[in-house]
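Chemist: Here's a structure for you.
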Amino acid sequence: MNKITNHMPTAELQALDAAHHMHPFTENAALAKKGARIMKSAKGVWLTDTEGHKIIDGMAGLWCVNIGYGRTELGDVAKRQMDELAYYNTFFQTSHIPAIALAAKIAELAPKGMNRVFFAGSGSEANDTNIRMVRRYWDIKGQSEKRIIIARNNGYHGSTLGGGSLGGMSGIHAHGGKIAGIVHIGEPNWWAQGGEMTPHDFGLLRARELEEKILELGVENVAAFIGEPVQGAGGVIIPPDSYWPEIQRIVDKYGILLIADEVITGFGRTGNWFGSQTFGITPHIMTIAKGLSSGYQPIGGSIVCDEVADVLGSHGDFNHGYTYSGHPVAAAVALKNLEIMQDEKIVEHVRDVANPYLWKLWKGLEEHPLVGEAKLVGLMGSIALTPDKAKRARFASETGTVGYRCRERCFANNLIMRHVGDRMIIAPPLVITPDEIDILIARAKTSLDECYMGLKADGLMVSA
Ligand code: PXG
């Protein structure tokens, strides 16, 4: 029997994992002592670990398993495609049927005027593509000095050198550095940073930082602005309603390119096919990955508006691409995933059923003594933990201490709900049913109660 997939005792698997497997974004020595939780199988919204626990996955894996686990049709398609054409590239004037069909399907679903797709293997790779693409675009237009990309503090755009540089996370910049020509402005996080301002005014203030930055740098030096319609990894920060319209006004006024990073918000997460539709944004480029294949295969890409694609496509080669750009197996699986989403009306399910049902219960968590604001768009939500709601206070303990404790209670109660600092976040598979939402909320409440009691016992319900 193959020792990797059998029923080896969990402790032995953990020991092998600790000995040989370096985990992303993890202190491996600490994990080695504790032992990783090892997942074995999954169906719908339910994970099963090697100890037989049934865990409700409030994070859709890593924000990606939009159609839920265990859809065997995707495996069938993958096998058929591997048997027929396991690999071919799309360089050097060749193409293949899955890449063609997937690009056409994406163009059908994308907002008007966005009809071209450049494929990558992940969201990070796609954002690296975007950096090169927008700079090349301005080169061709005779404005080579337009190279700077403006992004946001606490944004997340991946962890390659390009993606990590676009992201505004200092912890990532600290490990390996940051490429030149990327600058950051403030994020529209009213709860943590809005002070006495109304959310509306704070949204405008943050958006206008873009205009100030363009003027400071000189518009002749600015290529593009990039933002997630809703910051995901940054803590599900849903911007005030005033924010995106003002960003759009500024981008239009100065004629810079707008990149919407839809890696999380794409493919139904916000109750529309794309977050840009939910927030009324008209981007030139959208980054996609994750929900494109529901995580069943690694694939990402850039959806490009006709103007940018036409300019790029008519001035010699664009010297960029990946061995696995448009990989046939990944493309075939992604196409099947999108067909299932359409056939089963999964975006409509998010908008008309799951979001309204979850919202009532999620908003109700604001009654809990530990919870300040509860926010939700589509099926991505967050709650801010606080020792004092009226003051929107932070905890005196180091940021993340309380969030981590809460996450540990969730884990113990067989609920995957993540923490970002002292915010708890969810993004369950889009197929979650009302009954499953009831279970998710019940486990969240139990975990919050246990966390709260623990904080009181340890004297941690203290404001900074
Ligand atoms: N853009 C956004 C908006 C993302 O959320 C990426 C780009 C990069 O995608 P890849 O496929 O290269 O990972 C992401 C990925 C977290 C977490 O802790 C979030 C992501 C990845 C890993 C962890 O929330 N988002």
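The values are calculated or read from the model by the stated rules, or taken from the named source; none is laboratory data. Keep in mind that what you see is a predicted model, and the values were worked out from it rather than measured. When we count neighbours, we look across all protein chains shown, and the Cβ atoms used for this are built from the backbone with ideal geometry, even at glycine. To get the accessible areas, we keep the full protein, side chains included, count just its heavy atoms, and leave off ligands, DNA and RNA. Shrake-Rupley method; radii C 1.70, N 1.55, O 1.52, S 1.80 Å.
Chemist: Restricting the search to segment 328-350, which residues are closer than 30 Å to E125 by Cα, of a type outside the set (D, E) and open to solvent by 40 Å² or more (accessible area, probe 1.4 Å)?
Modeler: If the condition is that a residue be closer than 30 Å to E125 by Cα, of a type outside the set (D, E) and open to solvent by 40 Å² or more (accessible area, probe 1.4 Å), then K336, Q342, K345 are the ones that fit.
Conditions (1) farther than 14 Å from A192 by Cβ; (2) within 16 Å of the ligand (Cβ to nearest atom), marked per residue:
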residue	(1), (2)
S382	no, yes
T386	no, no
K389	no, no
R423	no, yes
V431	yes, no
I441	yes, no
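Chemist: While we're looking at this one, here's another question. Just to check your reading of the model, which residue among H320, H315, H284 is in the same structural domain as I238 (by TED's automatic domain parsing), open to solvent by less than 40 Å² (accessible area, probe 1.4 Å) and away from the ligand (no atom under 16 Å from the Cβ)?
Modeler: Working: H315 fails: open to solvent by less than 40 Å² (accessible area, probe 1.4 Å); H284 fails: open to solvent by less than 40 Å² (accessible area, probe 1.4 Å).
Selected residue: H320, the only one of H320, H315, H284 that is in the same structural domain as I238 (by TED's automatic domain parsing), open to solvent by less than 40 Å² (accessible area, probe 1.4 Å) and away from the ligand (no atom under 16 Å from the Cβ).
Chemist: For segment 213-251, what are the residues that are closer than 19 Å to Q193 by Cα and among the acidic types (D, E)?
Modeler: E228, D241, E246, listed by residue number.
Chemist: Determine, yes or no, whether G378 is on the phi > 0 side of the Ramachandran plot and in contact with an Asp or Glu (Cβ under 8 Å, 6 or more places away or on another chain).
Modeler: Numbers: on the phi > 0 side of the Ramachandran plot: yes; in contact with an Asp or Glu (Cβ under 8 Å, 6 or more places away or on another chain): no.
Criteria not met by G378.
Chemist: Same structure again: Could you tell me which residue of segment 409-421 is nearest to the ligand (Cβ to nearest atom), considering only residues that are out of contact with any strand residue (DSSP E or B) (no Cβ under 6 Å at 6 or more places or on another chain) and in a loop (DSSP other than H, G, I, E, B)?
Modeler: Step one: list which residues in segment 409-421 are out of contact with any strand residue (DSSP E or B) (no Cβ under 6 Å at 6 or more places or on another chain), which gives 409-413, 419-421.
Cutting the leftovers down to in a loop (DSSP other than H, G, I, E, B) gives us 413, 421.
Working: N413: 20, G421: 12 Å.
Checking each candidate, the answer is G421.
Chemist: Looking only at segment 64-106, which residues are among the aliphatic types (A, V, I, L, M), loosely packed, with under 15 Cβ neighbours inside 10 Å and over 14 Å from H327 (Cα atoms)?
Modeler: A104
Chemist: Does segment 189-205 include one or more residues that are in contact with a Gly (Cβ under 7 Å, 6 or more places away or on another chain), assigned to a loop (DSSP other than H, G, I, E, B) and within 16 Å of the ligand (Cβ to nearest atom)?
Modeler: No, segment 189-205 contains no residue that is in contact with a Gly (Cβ under 7 Å, 6 or more places away or on another chain), assigned to a loop (DSSP other than H, G, I, E, B) and within 16 Å of the ligand (Cβ to nearest atom).
Chemist: Would segment 397-408 turn up any residue that is on the phi < 0 side of the Ramachandran plot, hydroxyl-bearing (S, T, Y), part of a loop (DSSP other than H, G, I, E, B) and in contact (Cβ under 8 Å) with a residue 40 or more places away in the chain?
Modeler: Residues of segment 397-408 that are on the phi < 0 side of the Ramachandran plot, as a first pass: 397-399, 401-408.
Those left that are additionally hydroxyl-bearing (S, T, Y): 397, 399, 401, 404.
In the following step, the residues that additionally are part of a loop (DSSP other than H, G, I, E, B) were identified as 397, 399.
If we keep only those that are in contact (Cβ under 8 Å) with a residue 40 or more places away in the chain too, we end up with 397.
Yes, segment 397-408 contains at least one residue that is on the phi < 0 side of the Ramachandran plot, hydroxyl-bearing (S, T, Y), part of a loop (DSSP other than H, G, I, E, B) and in contact (Cβ under 8 Å) with a residue 40 or more places away in the chain.
Chemist: Quick one: which residue in D83, D57 is closer than 21 Å to Y296 by Cα, modelled with pLDDT of 95 or more and either among the small types (G, A, S) or in the same structural domain as R418 (by TED's automatic domain parsing) (or both)?
Modeler: Working: D83 fails: either among the small types (G, A, S) or in the same structural domain as R418 (by TED's automatic domain parsing) (or both).
The conditions single out D57.
Chemist: Tell me which residues, restricted to segment 152-170, are in a helix (DSSP H, G or I), more than 12 Å from the ligand (Cβ to nearest atom) and either touching a strand residue (DSSP E or B) at 6+ places or on another chain (Cβ under 9 Å) or in contact (Cβ under 8 Å) with a residue 60 or more places away in the chain (or both).
Modeler: Of everything in segment 152-170, just one residue is in a helix (DSSP H, G or I), more than 12 Å from the ligand (Cβ to nearest atom) and either touching a strand residue (DSSP E or B) at 6+ places or on another chain (Cβ under 9 Å) or in contact (Cβ under 8 Å) with a residue 60 or more places away in the chain (or both), namely S165.
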